[in-house]
1. Of all residues in the range A:5-55, which are crowded, with 17+ Cβ neighbours inside 10 Å, within 17 Å of A:THR82 (Cβ to Cβ) and among the β-branched types (Val, Ile, Thr)?
2. If you go through the range A:1-19, how many residues are in a loop (DSSP other than H, G, I, E, B) and out of contact with any Leu (no Cβ under 7 Å at 6 or more places or on another chain)?
3. For A:ALA234, are the conditions met, namely being farther than 24 Å from A:LEU375 by Cβ, over 21 Å from the mean Cα position of the chain (by Cα), loosely packed, with under 15 Cβ neighbours inside 10 Å and not polar (S, T, N, Q)?
4. Would you call B:ALA18 at the interface with another protein chain (Cβ under 9 Å from one of its Cβ atoms) and at negative phi?
5. Given the criterion of a type outside the set (A, V, I, L, M, F, W, C) and within 17 Å of A:ALA390 (Cα to Cα), identify the matching residue among A:ASP213, A:ASP222.
6. So is A:GLY126 without any contact (Cβ under 8 Å) to a residue 60 or more places away in the chain, crowded, with 24+ Cβ neighbours inside 10 Å and of a type outside the set (Phe, Trp, Tyr) or not?
7. Could you list all residues from the range A:145-175 that are within 24 Å of A:VAL395 (Cβ to Cβ), buried (at least 24 other Cβ atoms within 10 Å of the Cβ) and over 13 Å from the mean Cα position of the chain (by Cα)?
8. What residue, of A:GLU174, A:GLU210, A:GLU200, A:GLU184, is part of a helix (DSSP H, G or I) and either at negative phi or out of contact with any strand residue (DSSP E or B) (no Cβ under 7 Å at 6 or more places or on another chain) (or both)?
Amino acid sequence: MAENIYITETTIEGADDGPLADRTVAVKDNISTEGVRTTCGSAMLDDYVPPYDATVVDRLQTAGATITGKTNMDEFGMGTTTETSAFGPTDNPAAPGYVPGGSSGGSAAAVAAGEADLALGTDTGGSVRCPAAFCDVVGIKPTYGLVSRYGLIAYANSLEQVGPLAPTVEAAAELLEVIAGPDERDGTTRDAHEHGSDYEYAAAADGDVEGLDIGVPTELLDGADERVVEQFWAAIEELEAQGASHHEVSLPSLEHAVEAYYVIAMSEASSNLARFDGVRYGTSGGYDGNWNESFAKAREEGFGEEVKRRILLGTYALSAGYHDKYYKKAQDARAWIQEDFDDALSEADILASPTMPITPFELGESLDDPMKMYLADANTTPVNLANLPAISVPVGDDDGLPVGLQLVGPAFGEKRLIRAGSALA
Amino acid sequence: MSDFAVDPEEVEHIAELARVELSDEERERFAGQFGEILSAFEALDEVPETDSDPDLTNVMRPDEVRESLDQSEALRNADETEDGQFKGPRVS
């Protein structure tokens, strides 16, 4: 396979019957699969074999799905291109020579190349939606708490969710239906029934946008490439031709989303990744002597550069004297962003923007410039900070480079997003 | 964007706190990049203080004995074990 989609190819059979009995599903390699190695795209976990299944994997098997393998990803989910993987980059099947987006790049590429019918990714700051947009497929980032994170190897717990990737909105909704719902093993899950919804997601894919009021945050268009913006407005016109209407809205807090996201995500990562010391799992390097020094050597060997960068910056943001300046201010920004979304969604049914402000980078283009990569997350990170659901739907291309439309809804408003998205794909 | 200089010694201090050894080359490169990234983070100064009222509740369950991984499964991924326990680096 030329694209380097999988880190581990395997076949895990599901139950004989069930809603996904005739479907194949590729699973991102940070989701635990019992007896099948799970690397997080890191040399640190090169030979880690989980002794248990993630809840979402249990649910896939109960639903009858056949798992085709564990997909390539940015190391520990830290990247926007899938190039920080210790297992090499993945090529974009929809735009060869360009990155598939990240961090769930292998999962999006598996769907785009037809290697699997469906795929699971995880989205901490856009890691399902970005690769969906870049690979010309559909991706859903669920409301925080809709899908269990049990068995997901943590990067930034307060932000991340497992989400589906698929060729169509309806197929993504079918997969969401299987994985959503409370789990006693994840205390942050919540029951959609108690929040004004049910789980009939696939049935909501009826494409009915009659009377739908779409808010367009001007801040999410300002920094976008001109030709991405053109495709975006063409998609809005298509929705309007089917009975929707739009108005512009302003969410001034979004100007600070990227900084707030990176401070919070890096801080949580610096704590979460402390467990990788090479003793219980991971690469130990076999060093003796001072414990701290041997751990530091094992971590130098096992982690790639982007992971080290984020662990160090997170450690810095939480260190004495800087906590109030960075971490506390980032939490203020998070609360402000949540308020702005609440206000905007009280005067619109959904919000729309380009998923990514740019078209895919060429392979290798952004690797040496971390800021350039971070700024590409401007439109996706606000949604994670606000705990809201969002969907990315393909809306055409710019000279062969795919463009995605992002729709954002109120908490547990997945059905509304699926209904609107299915009018386009 | 303000100039925010980070020197390699400061990077080394953070790396020690984070228990990550760095090569000289990484230390130099990170110093330059951290200056640029932390300068961007400076923009958070403009964020107004916001009352956040997160709807967090403790989720409790009864503390009952139930099935769990057996010892050999729990130890399976460790490089070194001894007498059913994880074995850390030898302290000199």
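Read-outs: derived from the displayed coordinates by stated rules, not from any lab. Computed from a predicted model, the values in this text were never measured in an experiment. Positions of Cβ are generated from backbone atoms using ideal geometry, with glycine treated the same way; all protein chains shown enter the neighbour counts.
1. A:ILE5, A:ILE7, A:VAL27, A:ILE31, A:THR38, A:THR39
2. Result for the range A:1-19: 11.
3. Judged against the criteria, A:ALA234 is a match.
4. So B:ALA18 fits the description; yes.
5. Unique residue meeting the criteria: A:ASP213.
6. When the stated conditions are applied, A:GLY126 does not pass them.
7. Correct list: A:ALA166, A:VAL169, A:ALA172, A:ALA173, A:LEU175.
8. On inspection, the qualifying residue turns out to be A:GLU174.
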